[in-house]
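Visitor: Let me give you the structure first, and then I'll get to my questions.
Only the coordinates and a few stated rules stand behind these numbers; no lab work does. Treat the numbers as computed from the prediction; the structure is a model and nothing was measured. Note that we place each Cβ from the backbone using ideal geometry, even for glycine, and neighbour counts take in every protein chain shown.
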């Protein structure tokens, strides 16, 4: 009797293991083939986001403007954490982009310029770029 019961249990165990392996294989393949939104290799869309800092007491970033050197231009304000985000739609091969950040306080403002390399990330479409002035 123990032998038959052992065979039945091992058959159920083998079936359970086979089913679990099949489920994991299907789930693994679906995760491996799922691409992030707008991550097509032919898409020129890039979302540039990051943080900026300012020098001087009570100065905070107010405006960022970026020229990626391909005829596009974008500007954005900052949230209360000094973060920004903007989109470009025609980014191909890596190139030098220029950013102008305006910092301000009640007593005045100043701007600073920074260059960086803008490119289409190999995974996803977000490029994180932070600045300090």
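Visitor: Applying a 10 Å radius around every beta-carbon, put 64-72, 108-116 in order of their mean neighbour count, most first.
Guide: So the peptides 64-72, 108-116, ranked by packing, come out 64-72, 108-116.
Visitor: Looking at the range 46-132, what % of its DSSP beta bridges pair antiparallel, to the nearest 5?
Guide: Taking every DSSP beta bridge within the range 46-132, about 85 percent pair in antiparallel fashion.
Visitor: Grab the Cα-Cα distance for residue 90 and residue 113, subtract it from 0.36 nm times how many residues apart they are, and report the gain in nm with one decimal.
Guide: Numbers: separation 23, 0.36 × 23 = 8.28 nm, distance 2.23 nm.
Result: 6.1 nm gained on full extension.
Visitor: For the range 46-132, which semi-axes, largest first and in whole Å, follow from the square roots of 5 times the eigenvalues of its Cα gyration tensor?
Guide: So the three semi-axes of the range 46-132 are 25, 12, 10 Å.
Visitor: Same structure again: If neighbour count is taken as other Cβ atoms inside 10 Å, put 46, 129 in order from fewest to most.
Guide: So the ranking, lowest neighbour count to highest, is 129, 46.
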